[in-house]
């Protein structure tokens, strides 16, 4: 599935729900399906700064010149946000990661309006970490 198809799936899923309460529940459910963070990865060097919650993220470049990452959080909503970022960025090339306009997606999903300032800052920190992984790959 292409990046654009995965993004469309997320947008279609969000559109199915009429209320933000239901969308938050959907976010929480998305977070339950994240790949597990490797044992021992919950260390300071993997902590994403700028988040209200604790978020740990590790990533690497694959032989196919794509970036793969896993992340986890102590917050169920943040895990859902991580799941969205995972769908958007995981398995993409560094160039695609850096070029993708995440702000447009957040506007389309209306997350820019329905997340607290602290959560938006944390999301920006996670995106920055992923783009940093891509830039150094």
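Key figures
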read-out	value
Flag if residue 26 is outside any loop (DSSP other than H, G, I, E, B), touching a helix residue (DSSP H, G or I) at 6+ places or on another chain (Cβ under 9 Å), touching a residue at least 40 places away in the same chain (Cβ under 8 Å) and more than 17 Å from residue 75 (Cβ to Cβ)	no
Test: residue in segment 97-113 that is at pLDDT 95 or above, within 23 Å of residue 45 (Cα to Cα), touching a strand residue (DSSP E or B) at 6+ places or on another chain (Cβ under 9 Å) and surrounded by fewer than 19 Cβ atoms within 10 Å (Cβ to Cβ)	no
Selection from segment 29-53 of residues that are under 17 Å from residue 69 (Cα atoms) and not in a loop (DSSP other than H, G, I, E, B)	30, 31, 44, 45, 46, 47
Residue list for segment 29-45, filter: under 15 Å from the mean Cα position of the chain (by Cα) and surrounded by 15 or more Cβ atoms within 10 Å (Cβ to Cβ)	30, 31, 34, 37
Count of segment 46-55 residues which are in contact (Cβ under 8 Å) with a residue 60 or more places away in the chain and either more than 17 Å from the chain's Cα centre (by Cα) or more than 13 Å from residue 82 (Cβ to Cβ) (or both)	3
Members of segment 66-87 found to be surrounded by fewer than 21 Cβ atoms within 10 Å (Cβ to Cβ) and under 8 Å from the mean Cα position of the chain (by Cα), listed by number	85, 87
Complete set of residues in segment 1-23 that are touching a residue at least 60 places away in the same chain (Cβ under 8 Å) and over 17 Å from the mean Cα position of the chain (by Cα)	20
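Residues are listed down the side, and each one gets a yes or a no for (1) under 12 Å from the mean Cα position of the chain (by Cα); (2) free of Cβ contacts under 8 Å to residues at least 60 places away in the same chain; (3) under 17 Å from residue 20 (Cα atoms):
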{"position": "64", "(1), (2), (3)": "no, yes, no"}
{"position": "91", "(1), (2), (3)": "no, yes, no"}
{"position": "95", "(1), (2), (3)": "no, yes, no"}
{"position": "102", "(1), (2), (3)": "yes, yes, no"}
{"position": "107", "(1), (2), (3)": "no, yes, yes"}
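The values are calculated or read from the model by the stated rules, or taken from the named source; none is laboratory data. Treat the numbers as computed from the prediction; the structure is a model and nothing was measured. Using ideal geometry, Cβ is built from the backbone for each residue, glycine included, and neighbour counts are taken over all protein chains shown.
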